[in-house]
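Structure first, then comments.
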Amino acid sequence: MCGITGYIGYRDAYPIIINGLKRLEYRGYDSAGVMLFDGEKINLSKTKGKVSNLEEKVSKEITTKGNIGIGHTRWATHGIPNDLNSHPHVSQSGNLVIIHNGIIENYNAIKQELISRGYTFKSETDTEVLINLIEEIKNKEGVKLGKAVQIALNQVVGAYAIAVFDRSKPDEIVVARLGSPLAIGVGKNFDEFFIASDASPFIEYTKDAIYLEDGELAIIKKGRKVNIRKIQDDSLVDANIQELQLNIEEIEKGGYEHFMLKEIYEQPRAITDTFRGRLLAKEGIIKISGLENNMKKFLNAERIIIVACGTSWHAGLVAEYTFEEFARIPVEVEYASEFRYRNPVITEKDIVIAISQSGETADTLAAIKLARSKGAFVFGVCNVVGSSIARENDSGTYTHAGPEIGVASTKAFTTQITLLTLIALRLARAKGTMTSADYRLHLQEMELIPKKVEQVLKIDEKVKKIAKKYLLSTNCLYLGRGYNFPVALEGALKLKEISYIHAEGYPAAEMKHGPIALIDDRMPVIVIATSKGHYEKVVSNIQEIKSRSGKIIAIVTEGDTVVRDIADHVIEIPETEEALTPLLTTIPLQLLAYHIAVMRGCNVDQPRNLAKSVTVE
Ligand code: F6R
């Protein structure tokens, strides 16, 4: 949600900012803008639409000269997406410019106060209110920009990552964060700095980055060390410069038409990276350091509560099955957004596992804070290293899926399942709730999963042909049981979010309690009917669909002959242990959604209205 870029240094700022905005497109946005300072004049251009629309507008409207500038992609909160509401926003005097990611909740009260002092507003945004508040403080108190920003932020309620420029201080940018990420790329000898929502916009320029913590403000000035202070009390903070592990290849499409397709195909590698060094199948060992260090807590836990949103929540549902079956620990899986507001019963004997790809999801972050305040031990399963959620936990572990740029989560899901399954197996071993033969079998099978995913990916052409038949569908049903019930939910989510076809996932047996009424010859039903786990029962469900003329696309284990005779299409996956089937059955569902969306002409990597990291609640 919203992307921020900025540059101050000796290079032309515009190409860095515009390319940075393109790298941040994955976050989801509906308008874009830039501000460049050419040494004399503030040059501003902004527009509703894509970064490519902005480029076109910039070429007609402004000079792109200047070594300092800021850029923004906006995901609308206050005010519709239009040119006026787009960022950057300029203060009443025209001297201060701001970009903002987040929400100022008390903006209306501040706005009324500013109006009574003669301020007028061009946009409907909370951001324009903030920049005028900063200007009002700067003028009234006679303070410098950094101080004015600090005082203003102490008066606002909400979440933000901001970058502010002051025309009277053209070698400086002030940034601050609370609840929304902000990274500062540091050039050699401090001769240039980059600002961004994540490190991807500046990865080719520097490997040194500072991740601002919540409640911190930084004054970035060319030729000087970054001056970081706590917003609340102005105390000085040591700048922690970290070396980035990111590579440029990881954030490019590498010959694929879309990031989503690249990420689907990356899954064999991503799953291997997730268990690399952690799974020693031959020795019968699973070693996950965050878990080993807290083994006692896990063994004494009376309950595990999993909190997450969206696809990560679906991975949590799969984990509910593995943790309960293998480790015999009761599990509850909660939407973080519900958990945080319903006064849940949590005790010190609970372990809360928070799952998040981005590590920035506002609801999951709030759920973690709530659980910790009630004494629970919080363990994070994140993908983005150093993200807010990763830092907010008591302990945790990373999935190592690599950057996921397509808005629709794919490799994040399968790597989350991989890691959570390893945790469940490790706990089962420690608790003695699984026979050693069964344990070893699962380890060996897990090691084979990347090869089996590769095998599943080979059916891509077949899935594409099926996709062609159903691309005009308006509704779609996904059914699965046991471990594959969450996969049905995930398959439906993938289809609806990128192709805009209405789709629902259900436990197969629930169909007859309602959804069966929807079935007719125009309704495709995707059924996961693998050989292990309630197979016969799912076959009966398939018969019920067939008798009502539904169109059946079945995901089956290779060699299946029964379903082949009933279904309209079958997609085979290799045999594996039941608990590991989600890692294989998910793949054709991802491909199906992908191809349908492409054939419908949808923007697969940036579906409408969606954001990659949901940093507002
Ligand atoms: C769906 C999708 C979302 C995310 C959800 C949580 O494809 O990507 O449903 O899974 O917004 O995001 P994270 O995992 O970053 O907390």
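Of all the accessible heavy-atom surface of segment 239-382, with the other protein chains kept in place and a 1.4 Å probe, what percent is carbon and sulfur?
47
Label 7 Å along Cα→Cβ of Asn475; segment 481-509 residues with amide nitrogen under 15 Å?
Only 501-506 fall inside the zone, counting backbone N under 15 Å.
Set the Förster distance to 41 Å, then compute FRET efficiency between Val385 and Arg303 from the Cβ-Cβ distance, nearest 0.05.
Once the sixth-power term is evaluated, E becomes 0.90.
Rounded to the nearest 500, what is the chain's calculated 222 nm mean residue ellipticity when only DSSP H runs of at least 4 contribute -39500 (n - 2.57) each, over all residues?
-11000 deg cm²/dmol
Measure off 7 Å from each Cα along the Cα-to-Cβ vector at Ala517 and Ser168, then give the distance between these two points in nanometres to one decimal.
Once both label points are built, they end up 6.8 nm from each other.
If each residue of separation counts as 0.36 nm, what is the full-extension length gain between Glu510 and Lys144 once their alpha-carbon separation is subtracted?
125.4 nm
Leu448 versus Ser52, label points 7 Å from Cα toward the beta carbon: distance in nm?
Each label point lies 7 Å from its Cα, and together they span 4.5 nm.
Taking the DSSP beta bridges in the chain as the whole, what percent of them are antiparallel, to the nearest 5?
60
Taking only C-alpha pairs under 8 Å that are 6+ residues apart, what is the relative contact order of the chain in percent?
12
Keeping the other protein chains in place, figure out the carbon and sulfur percent of the accessible area of segment 407-482, with a 1.4 Å probe.
Carbon with sulfur: 51 percent of the solvent-accessible area.
Structure shown: which of Lys111/Lys138; Lys369/Lys496; Lys469/Lys551; Lys411/Lys468; Lys469/Lys537; Lys411/Lys431 lie over 20 Å apart, alpha-carbon to alpha-carbon?
Lys369/Lys496; Lys411/Lys468; Lys469/Lys537; Lys411/Lys431
May I ask you to give the solvent-accessible area per residue for the chain, in square angstrom, as obtained with a 1.4 angstrom probe?
38
I'd like to compare 147-158, 408-419, 50-61: which one has the highest average count of other Cβ atoms within 10 Å, and what's the full order after that?
The most tightly packed comes first, giving 408-419, 147-158, 50-61.
Provide the packing ranking of 309-316, 269-276, i.e. peptides ordered by the mean count of other C-beta atoms within 10 Å per residue, highest first.
309-316, 269-276
Under a 5 Å amide H to amide H cut-off, with H placed in plane at 1.01 Å, what residues pair with Ile195 once short-range neighbours are removed?
Residues meeting the criterion, in which the H sits 1.01 Å from N, are Gly6, Tyr7, Gly185.
For Thr557, list long-range residues whose amide hydrogen, built 1.01 Å from N in the peptide plane, is under 5 Å from its own amide hydrogen.
Ser531, Ile573
How large a share of the accessible area of segment 37-103, in percent, is made up of carbon and sulfur atoms when the probe is 1.4 Å and the other protein chains stay in place?
Of the solvent-accessible surface of segment 37-103, carbon and sulfur hold 50 percent.
From the backbone phi of segment 56-63, what are the Karplus-calculated ³J(HN,Hα) couplings (6.51 cos²θ - 1.76 cosθ + 1.60, θ = phi - 60°) in whole Hz, Gly and Pro given as x?
Once θ is set to phi - 60°, the couplings for segment 56-63 become 5, 5, 4, 4, 8, 9, 9, 7 Hz.
So, R0 is 56 Å and r is the distance between the beta-carbons of Lys374 and Ser59; what FRET efficiency does that work out to, to 0.05?
So, using R0 = 56 Å, E works out to roughly 0.55.
Output the 0 to 90 degree angle, nearest 10, between the alpha-carbon long axis of helix 411-431 and the longest principal axis computed from the alpha carbons of the chain.
Long axis of 411-431 versus the principal axis of the chain: about 60 degrees.
Calculate the FRET efficiency for Lys225 and Glu250 from the Cβ-Cβ distance with a Förster distance of 25 Å, rounded to the nearest 0.05.
Efficiency for this residue pair is about 0.30.
How high is the relative contact order of segment 27-140? Use alpha-carbon pairs under 8 Å, at least six apart in sequence, and give a whole percent.
With pairs under 8 Å counted, the relative contact order is 24 percent.
Under 14 Å from the 7 Å Cα→Cβ point of Glu558, by amide nitrogen: which residues of segment 473-498?
Nothing falls inside the zone, counting backbone N under 14 Å.
Roughly how many nanometres apart are two label points built 7 Å out from the Cα toward the Cβ at Lys188 and Asn609?
5.0
With a 10 Å radius around each residue's Cβ, average the other Cβ atoms per peptide and rank 526-539, 238-251, 481-494, highest first.
481-494, 526-539, 238-251
Considering amide H positions built from the backbone, and no H for Pro or chain starts, which residues 5 or more places from Val378, or on another chain, come under 5 Å of its amide H?
When sequence neighbours closer than 5 places are left aside, the close amide H contacts are Val352, Asp394, Ser395.
The values are calculated or read from the model by the stated rules, or taken from the named source; none is laboratory data. As the structure is a prediction and not an experimental result, all values here were calculated from the model. Note that each Cβ is placed from the backbone with ideal geometry, even for glycine, and that neighbours are counted across all protein chains shown. Ligands, DNA and RNA are stripped out before the accessible areas are found, and what is left, the full protein with its side chains, is counted by its heavy atoms. Shrake-Rupley method; radii C 1.70, N 1.55, O 1.52, S 1.80 Å.
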